[in-house]
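K.L.:
Handing you this structure, nothing more for now.
The values are calculated or read from the model by the stated rules, or taken from the named source; none is laboratory data. Note that the coordinates shown come from a computational prediction; the quantities given were computed from them, not determined experimentally. Note that each Cβ is placed from the backbone with ideal geometry, even for glycine, and that neighbours are counted across all protein chains shown. Please note that ligands, DNA and RNA were not included when accessible areas were found on the heavy atoms of the full protein model with its side chains. Shrake-Rupley method; radii C 1.70, N 1.55, O 1.52, S 1.80 Å.
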Amino acid sequence: MQCFCWPGISAADSGKFQQTPVYLHEFRFGDGGKAIYYQLEKKPWQHESGSKNLANLIFVISGSDCISMGQFLPQYFSGLEGESGPTQIFILHKRHILPASNGKACGDAYVRADHPSRWQADHMEFMRAQLAALKEAGKKPKRVVIFGISEGAEMAPILARQLSATHLVLLSHAGMNALDVYAALARQHAYMQVAWQQLQTGLQRKPDDPDAGLLHGRSWRYWSEIGRISQTDNLLALDKPILLGLGEADPVIPGKAIAHLQQQFQAAGKTIDIRRFPGAGHSLVSDDKNYLPDFMHQIDNWLLDAK
């Protein structure tokens, strides 16, 4: 593994964010591929300068599309201010996303690398490298948190189990298999039924090039792999605290999905902490309020309290 670093990106000029520097780096994988990642550090005001104590190491698995999170940083994590202790946040992007990528033209190379088995391998290699670097520096985080956002939540439980993380956070996800979500939404919305049938037809036969963007802009391999992820089973298999945040008006979460998820956890004798935000959509924004900082603050408090 090699890491080539760009100069640190200065935080926004406003006093609200100037204490949260954001750093942009490039990670080289063992197979020669590369991806950018962002690093943020949250230090409570009472933290001693130079201390090696690290309370939280948070690995963020971001959502779909070739969009760089750089334009949303550091304010995306406003509210998670390190009240639970000094915190490092890492956000590894998918291969072929550039710092200025805005989702408008992802490109063939991106589509070919955009599937769950690639995500899993890349994130595990990256996370293990960061943990090894911390160990070499004499730092041992008290908590290792996997934070899956939207599509990133598909992979988060798998990574949490494989890495032996201590906590799992999910944002804007139904806790269901992705194709089951698609089917449920198609039943709810007539305009989605044609696209759903096109996908079902396309998945019936493996094409000559399974990595080409043939099905709604994603590859056959992407749909085939994500369709085999048993999301609820993966969540139930975890023996660690789980926090799920979602907007009650999120259009991509089927109506009964969360109630069904809670029932399955109860039947298994397990708990999942679910935080709902009234009127909020997929990004936790409602017509009159942005609830994302509220949820980030709740994560901080939850990390202090979760056992």
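K.L.:
State all residues of region 120-140 that are open to solvent by 20 Å² or more (accessible area, probe 1.4 Å) and either aromatic (Phe, Trp, Tyr) or not in a helix (DSSP H, G or I) (or both); if no residue qualifies, say none.
P.N.:
Ala137, Gly138, Lys139, Lys140
K.L.:
Limited to region 225-237, what total is found for residues that are part of a loop (DSSP other than H, G, I, E, B) and either open to solvent by less than 10 Å² (accessible area, probe 1.4 Å) or free of Cβ contacts under 8 Å to residues at least 40 places away in the same chain (or both)?
P.N.:
Residues that pass the stated criteria total 1.
K.L.:
Additional query: Name the pairs whose Cβ atoms lie under 8 Å apart, with the first residue in region 110-126 and in contact (Cβ under 8 Å) with a residue 12 or more places away in the chain, the second of a type in the set (S, T, N, Q) and open to solvent by 20 Å² or more (accessible area, probe 1.4 Å), and 6 or more positions between them or separate chains?
P.N.:
If the second residue must be of a type in the set (S, T, N, Q) and open to solvent by 20 Å² or more (accessible area, probe 1.4 Å), the pairs left are Gln120/Gln162; Met124/Gln162.
K.L.:
Separate question: Starting from residues that are open to solvent by 70 Å² or more (accessible area, probe 1.4 Å) and under 17 Å from His282 (Cα atoms), keep the ones in region 48-74 and report whichever is modelled with the lowest pLDDT.
P.N.:
By that ranking, first place goes to Asp65.
K.L.:
May I ask you to verify whether Gln88 is touching a strand residue (DSSP E or B) at 6+ places or on another chain (Cβ under 9 Å), open to solvent by 10 Å² or more (accessible area, probe 1.4 Å) and over 27 Å from Asn290 (Cα atoms)?
P.N.:
Here the answer is no, as Gln88 does not meet what is asked.
K.L.:
Could I ask something else about it? Look at region 276-307 and say how many of its residues are of a type in the set (Val, Ile, Thr) and either more than 29 Å from Pro141 (Cα to Cα) or in contact with a helix residue (DSSP H, G or I) (Cβ under 7 Å, 6 or more places away or on another chain) (or both).
P.N.:
Selection size over region 276-307: 1.
K.L.:
Just name the residue that is most open to solvent (accessible area, probe 1.4 Å) out of those in region 246-270 that are part of a helix (DSSP H, G or I) and among the small types (Gly, Ala, Ser).
P.N.:
The extreme case among them is Ala267.
K.L.:
Residue by residue through region 147-191, note down the ones that are open to solvent by 40 Å² or more (accessible area, probe 1.4 Å) and either charged (D, E, K, R) or more than 25 Å from the chain's Cα centre (by Cα) (or both).
P.N.:
Across region 147-191, the qualifying residues are Arg161, Asp180, Arg187, Gln188, His189, Ala190, Tyr191.
K.L.:
Output the residue which, of all residues in region 172-203 that are out of contact with any Ser or Thr (no Cβ under 7 Å at 6 or more places or on another chain) and not in a helix (DSSP H, G or I), is nearest to Leu244 (Cα to Cα).
P.N.:
My answer is Ala174.
K.L.:
Read through the list (1) on the phi < 0 side of the Ramachandran plot; (2) surrounded by 18 or more Cβ atoms within 10 Å (Cβ to Cβ), then give the number of the only condition that Leu284 fails.
P.N.:
Tallying (1) on the phi < 0 side of the Ramachandran plot; (2) surrounded by 18 or more Cβ atoms within 10 Å (Cβ to Cβ), Leu284 fails exactly one: (1).
K.L.:
Further question: Could you tell me whether region 33-47 includes any residue that is modelled with pLDDT of 95 or more, over 14 Å from the mean Cα position of the chain (by Cα) and not in a strand (DSSP E or B)?
P.N.:
Taking every residue of region 33-47 in turn, at least one turns out to be modelled with pLDDT of 95 or more, over 14 Å from the mean Cα position of the chain (by Cα) and not in a strand (DSSP E or B).
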